[in-house]
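Undergrad: Before I ask anything, here is the structure I am working with.
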Amino acid sequence: MRSTMTDHTTTCHPAAPAADSPAARAADPPGTAAASTASAAEARQAERQAEYRALMRKFWFGAAVGAPTMVLSYPWLIPGLRELFPMGSQQLWYLWAFMGIGSFAVIAYSGNQFFTGAWEGLKHRSANMHTLIAIGTGTAWIYSTVALLFPQLFPSKATTDVYYDVTVVVTALVVLGMAMEVKARGRTSEAIEKLIGLQPKTARVVRGGAEREVPVDEVVVGDVVVVRPGAKVPVDGIVLEGASAIDESMITGESMPVAKAPGDEVIGATINGTGALRFRATKVGADTALATIVRMVGDAQASKVPIQRIVDVVSGYFTPMVVIASILGFVVWYDFGPSPAFAYAVVVSVTTLIIACPCALGMATPMSLTTGVGLAASHGILIRSGDALQAARRLDTVVLDKTGTITVGKPAVTDIVSGTGTTDADVLALAAAAERDSEHPLAAAIVAAARERGLETAAPSAFEAVAGHGIRATIDGRVVLVGKRALLEADGIAADALEAEAARLADEAKTPVYVAADGRALGLLAIADPVKADSREAIAALRRLGLRVVMLTGDNRRTADAIARAVGVDTVVAEVLPQDKAHEVRKLQLEGRAVAMVGDGINDAPALAQANVGFAIGTGTDVAIEASDVTLISGSLGGVVAAIAISRATMRNVTQNLFGAFVYNGLGLPIALGVLYPFTGLLLSPILAALAMSFSSVTVISNANRLKRFRLQGVSA
């Protein structure tokens, strides 16, 4: 017979199917997804509290019966009782009979889940924690009852002692351990419960020309939603009117409020600042960022790390082995043990079954995994599965895409160089006015830079795009040229005075754009994809973790080297075609490296899938996110550092739990079998075995909860 122990929810006590399981979610009508997520969380919380209260009632009943049972089981040791219930008297027989009835009530009420669980396992030809407890307590009760009713069946009168106290106290202690586990399991799920609690209950929408407050699950895509200062954003959307700063820390982990203006995205469950906003809903219900996060975190917590599968195999054979060891222990003590051998054999057999209960072993990995995934989510990191969490611990190489990962992914004006007799503002204003009607990405960067600085730009009266060189425009009667140096030279305009600055900017991987007017060169604008503010810090942190950092880009070697110097990357692979990125990752793997790939674009998806662990920037494409193992909601490279650090801390915690559980079972089993008796004369009591078994479970739970105090050092997620 092989046990089917899987995790702490199935080994220590059966749990009802989760209310937000995939099957339950599939049954939800689309419009109620958000509401069902919140209500499922509340239902889970209520169910957990009800389970805890029920277990505590069972414990108190067992304790109420167990306390007098322990005292009355040994009346000859207590003055006053030894005279009232002398050994071998009819009074003692009636006392033990009364204790037998009381202990049966404890088994039937407080310990019924052990026997029903063991029976269910037997029907499926499997064994689990319930099997051991049921056999142990049941054996003690049956032995005691037979000894009480039919003492003539036993070889000597000394073997007819009863062990009703073992039945009652063991049941009570194990039930208490289960109650503590339920309470602790609730604490490990706090992260996902807090996420669900962020969902606002109502939203203000504009319908029929008037604002109306409706339940959030009634908001549909396309609704215009109004968010007042200090209110929560109910769903995801695009800002139509207003400006404000929104606190997104609860979703992205970003500590600073993010400025929002028309055209910017807002995320549901974030908190608006002092400005009022109107936005158009783009994602509602189960499609919102919050619902996606909750779903991914829940799925990851329900998954298994590879090491857990090994534990499952070991546990699958452990329970039958314990039963066999218990039987062998009985035989050895009965044949070779001291008198009364039969009584000693029963004690050893029952103690072995109880102390070897693999509850702590079953909880060791799931408790740590649940806590670690929740910790990552609180830092804006979504880990898709336990496999990814364990694999991240072994990484030794991190490959970074450049555009959108190390850099912002959007061209911007980084430098302004003004010539003699002009100012930076004049150069930028003229260039922006000339580029107003252009659709070129560099033109958009110039216009955006002027807008950010509050510069007025006149509309051009004439506009001509010179293919491959730039533009020529007429502004307030002035002929303005914006583009390459060749454009100016074609009009006979000298730009030698700006050449040195242009070369310097080019060496920094910036594109120099010349600006001229009235036949004279006025200055330069440098346009580049700027490096993210925290990229250098994050890359330095990766290197401190002992990781090799490689930058992978399709850009030319000169640009790639300049960016690498700026952020501190030593290894650069440049001019890589999109379809070859996965090949480059594979080459590193063939060198024996465990590789992480970090990217955000569609062309990164194959490389993300090829890597041992794929990290998708949350601000990137849906394809990249789907192909990845880890999603960084904030888009910061600091999330990679945080994810790897959390992975290492979680797997270290798992190892500690498994080591403790194996040591407990490894030491407890021989002690329960009596290997110390020949040397010390001591034999472990079944009651102490139950106490030790409960304590081992509490130790595992407490160690897993230590992860909540884990703090990232030196970089923010």
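The values are calculated or read from the model by the stated rules, or taken from the named source; none is laboratory data. On a predicted model such as this, the values are computed, not experimentally measured, just so you know. Heads up, the Cβs are rebuilt from the backbone with ideal geometry, glycines too, and the neighbour counts pull from every protein chain shown. What goes into the accessible areas is simple: the full protein's heavy atoms, side chains included, and nothing from ligands, DNA or RNA. Shrake-Rupley method; radii C 1.70, N 1.55, O 1.52, S 1.80 Å.
Undergrad: Suppose R0 equals 41 Å. What FRET efficiency, 1/(1 + (r/R0)^6) with r the Cβ-Cβ distance, do residue 518 and residue 206 give to the nearest 0.05?
TA: Given R0 = 41 Å and the Cβ-Cβ separation, E is 0.20.
Undergrad: Can you give me the distance in nm between label points at residue 314 and residue 104, each placed 7 Å from the Cα along the Cα-to-Cβ direction?
TA: Taking the two extended label points, one gets 4.2 nm.
Undergrad: As an exercise, use a Förster radius of 22 Å and the Cβ-Cβ distance of residue 507 and residue 583 to find the FRET efficiency, rounded to the nearest 0.05.
TA: After rounding to 0.05, the efficiency reads 0.15.
Undergrad: Using a 1.4 Å probe, what is the accessible area per residue for the stretch 394-534, in Å²?
TA: It amounts to 46 Å² per residue over the stretch 394-534.
Undergrad: Now, a different point. Order the peptides 571-584, 526-539, 664-677 from the highest to the lowest mean number of other Cβ atoms within 10 Å of their residues.
TA: The densest-packed peptide leads the list: 526-539, 664-677, 571-584.
Undergrad: For the residue pair residue 533 and residue 53, what label-to-label distance in nm results when each label sits 7 Å from Cα along the Cα-to-beta-carbon direction?
TA: Going by the 7 Å Cα→Cβ label model, 4.9 nm.
Undergrad: Expressed as a whole percentage, what fraction of the accessible surface of the stretch 324-387 belongs to carbon and sulfur atoms when a 1.4 Å probe is rolled over the protein heavy atoms?
TA: The value for the stretch 324-387 is 71 percent carbon and sulfur by accessible area.
Undergrad: If you count only protein heavy atoms with a 1.4 Å probe, what accessible area per residue comes out for the stretch 635-713, rounded to a whole Å²?
TA: The answer is 43 Å² per residue.
Undergrad: Give me the Kirkwood hydrodynamic radius of the stretch 318-435 in Å, from all C-alpha pairs, to one decimal place?
TA: Kirkwood radius, the stretch 318-435: 22.0 Å.
Undergrad: With a Förster radius of 45 Å, plug the Cβ-Cβ distance of residue 213 and residue 46 into 1/(1 + (r/R0)^6) and report the FRET value to the nearest 0.05.
TA: After rounding, the FRET efficiency stands at 0.95.
Undergrad: Here's another thing I want to ask about it. Hey, could you grab the Kirkwood Rh for the stretch 435-543? Inverse mean 1/r over distinct alpha carbon pairs, Å, one decimal.
TA: After inverting the pairwise mean of 1/r, the radius is 15.4 Å.
Undergrad: In vacuum, with every alpha carbon of the stretch 538-660 counted as one equal point scatterer, what does the Debye formula give for log10 I(q)/I(0) at q = 0.14, 0.18, 0.23 Å⁻¹? Two decimals, please.
TA: -0.63, -1.02, -1.51
Undergrad: Using packing as a proxy for protection, rank 474-485, 445-456 so that the peptide with the highest average count of other Cβ atoms within 10 Å comes first.
TA: Order by mean packing, descending: 474-485, 445-456.
Undergrad: Quick one: if you stick a label point 7 Å off each Cα along the C-beta vector at residue 149 and residue 680, how many nm between them?
TA: 3.8
Undergrad: Students often check this: by mean Cβ neighbours within 10 Å, which of 697-704, 64-71 ranks highest, and how do the rest follow?
TA: 697-704, 64-71
Undergrad: Rounded to the nearest Å, what's the spacing between the alpha carbon centres of the stretch 538-578 and the stretch 375-444? Just the number, please.
TA: 15
Undergrad: Express the carbon and sulfur contribution to the solvent-accessible surface of the stretch 448-539 as a percent, rounded to the nearest whole number, probe 1.4 angstrom.
TA: The computed percentage sits at 51.
Undergrad: Could you grab the Rg to Rh ratio for the stretch 503-575? Cα atoms only, Kirkwood for Rh.
TA: A ratio of 1.14.
Undergrad: What part of the accessible area of the stretch 550-699, given as a whole %, is carbon or sulfur when the probe is 1.4 angstrom?
TA: Ligands and nucleic acids excluded, carbon and sulfur reach 61 percent.
Undergrad: Quick one: Kirkwood hydrodynamic radius for the stretch 665-704, alpha-carbon pairs, angstrom, one decimal?
TA: With all distinct Cα pairs of the stretch 665-704 included, I get 11.1 Å.
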